[in-house]
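Here's the structure we're looking at; comments come further down.
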Amino acid sequence: MCAIAIGDLSRHLVLRHEMTRAKMDLRNLLGEVASERKSDVAKSFRGDVSELTSLETTIANLTSWSRSASLQLTRLAGQQQALSVMNQMADDLWSKLTLSEPETPLPQRKIIAEEAATVLEKMLAGLNTTVGGEALFSGMRSDSPSVSDGQTVLTHLRGLIAGMSSASDIRDAISSWFSQPGGYESNAYQGSTSRPELRIGSSETSSLSITALAPEIREILSGVALAAIAVDYLTPQDYEIGAQLINMSADRILSGSSDRISLMARVGVEEHYAAQALSRNNAELAATTLRRGDLLGVDPYETASALQGAQNRLELIYAVTARLSDLSLVRVLR
């Protein structure tokens, strides 16, 4: 059995310890070079990481607010687009309705009324616009369509006005169905109440409060529905009623034009505020991230020098270890 002197064992332990430390230093320095960040943050700050913690919290908040503001901007843009298309369709339909004169032939008036039914269908489809799988005009119930289709709405209206023989009565009944509880709200609207305000900044919130229940939207749907229903009365015996309904539809669409513009303006204001909040958040996020980088970053020259020193130290330890391992009594006695 070979005996190992205490001196040899101590030397072996010292060399192993130095080699382990050199390898650890080399690994840490290689990590700093790759990430350009300090490997031991607490040590570099001498245990006082309060500023860094504050920066991390600010960055997390700003990132969250920027994400919310960006999402809100997308939603608002979707609403603005849908409302703009509705407004344009209403204007185009109004132009055709007003071209319908008393002497306009029955078939031509019927074509206009049938087109109104198509416009109503498209408007309701526009209210079912989704962004990222969320219905924009459904309020908090964003996982379901906002409104029923045009055929369903017209079926309800036909049942409501069955037996009426006065254009004014038909107009009032349709107007009430869209504006009063128990009509459009209960039988066509499939959403819920407006969404709560969304925080998009340290002191800013944004609202997506407009739903398909907005009075301005109900008004335009009511006006178009009048013309769509007129097709049922554009017959030789009820021609006068159908013609009056077309004129009433044109008046309703025209009277609601300013309200439609105001509604789009409201969405535009929310878009402006959300865009401003997003811009501020991104600017502050960039500045805060830069400050965090300054605190956590490493000096490339110093790190490269330390890395070269650690590599040289490790090579020296390997050389010493190899030299000591090659010693023998014969070599010493020569």
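Would you call A265 modelled with pLDDT of 95 or more, open to solvent by less than 80 Å² (accessible area, probe 1.4 Å) and assigned to a helix (DSSP H, G or I)?
Spelling it out, A265 is indeed modelled with pLDDT of 95 or more, open to solvent by less than 80 Å² (accessible area, probe 1.4 Å) and assigned to a helix (DSSP H, G or I).
Report, ordered by the first and then the second residue, all pairs with beta carbons closer than 6 Å, sequence separation of six or more or different chains, a first member in the range 199-228 that is more than 22 Å from M140 (Cα to Cα), and a second member that is of a type in the set (D, E, K, R) and in a helix (DSSP H, G or I).
G223/R252
Return the residues of the range 176-187 that are at pLDDT 95 or above and either among the small types (G, A, S) or touching a Pro at 6+ places or on another chain (Cβ under 6 Å) (or both); say none if nothing qualifies.
Within the range 176-187, just S176 meets the criteria.
Within the bounds of the range 202-210, is there any residue that is in a strand (DSSP E or B) and not aliphatic (A, V, I, L, M)?
Let us first name the residues in the range 202-210 that are in a strand (DSSP E or B), namely 205-206.
Filter again for not aliphatic (A, V, I, L, M), leaving 205-206.
Checked the range 202-210: at least one residue is in a strand (DSSP E or B) and not aliphatic (A, V, I, L, M).
Pick from I161, I200, I112, I170: which is among the hydrophobic types (A, V, I, L, M, F, W, C), more than 15 Å from I220 (Cα to Cα), open to solvent by less than 50 Å² (accessible area, probe 1.4 Å) and touching a strand residue (DSSP E or B) at 6+ places or on another chain (Cβ under 6 Å)? So that I can check it myself, show each step before the final result.
Details: I161 fails: touching a strand residue (DSSP E or B) at 6+ places or on another chain (Cβ under 6 Å); I112 fails: touching a strand residue (DSSP E or B) at 6+ places or on another chain (Cβ under 6 Å); I170 fails: touching a strand residue (DSSP E or B) at 6+ places or on another chain (Cβ under 6 Å).
Checking each option against the conditions leaves just I200.
When you check A82 against the structure, is it touching a Leu at 6+ places or on another chain (Cβ under 8 Å), open to solvent by less than 80 Å² (accessible area, probe 1.4 Å), at pLDDT 60 or above and not in a loop (DSSP other than H, G, I, E, B), yes or no? If you could, list the steps in order and put the result at the bottom.
Working: touching a Leu at 6+ places or on another chain (Cβ under 8 Å): yes; open to solvent by less than 80 Å² (accessible area, probe 1.4 Å): yes; at pLDDT 60 or above: yes; not in a loop (DSSP other than H, G, I, E, B): yes.
Taking the combined requirement at face value, the residue satisfies it.
Please find, within the range 175-215, the residue that is nearest to the chain's Cα centre (by Cα) out of those that are among the β-branched types (V, I, T) and over 14 Å from L127 (Cα atoms).
Top of the filtered list is I200.
Under 6 Å between Cβ atoms, at least 6 apart or on separate chains: pull out the pairs that start in the range 144-156 with a residue that is open to solvent by 10 Å² or more (accessible area, probe 1.4 Å) and end on any residue that is in a helix (DSSP H, G or I) and not hydrophobic (A, V, I, L, M, F, W, C).
Every condition considered, the pairs that remain are H156/N187.
Looking at the structure I just gave you, is A304 over 30 Å from R109 (Cα atoms), of a type in the set (G, A, S), at pLDDT 90 or above and surrounded by 13 or more Cβ atoms within 10 Å (Cβ to Cβ)? Steps first, answer last, please.
Values: over 30 Å from R109 (Cα atoms): yes; of a type in the set (G, A, S): yes; at pLDDT 90 or above: no; surrounded by 13 or more Cβ atoms within 10 Å (Cβ to Cβ): yes.
It is false that A304 is over 30 Å from R109 (Cα atoms), of a type in the set (G, A, S), at pLDDT 90 or above and surrounded by 13 or more Cβ atoms within 10 Å (Cβ to Cβ).
Could you tell me which residue of the range 208-225 is surrounded by the fewest Cβ atoms within 10 Å (Cβ to Cβ), considering only residues that are of a type in the set (S, T, Y) and either closer than 14 Å to M86 by Cα or in contact with a Gly (Cβ under 6 Å, 6 or more places away or on another chain) (or both)?
S222
The values are calculated or read from the model by the stated rules, or taken from the named source; none is laboratory data. Please read these numbers as outputs of a predicted model, since none were measured by experiment. Cβ sites come from the backbone with ideal geometry, for glycine too, and all protein chains shown count toward neighbours. Each accessible area value is taken on the protein alone, full model and side chains, heavy atoms only, with ligands, DNA and RNA left out. Shrake-Rupley method; radii C 1.70, N 1.55, O 1.52, S 1.80 Å.
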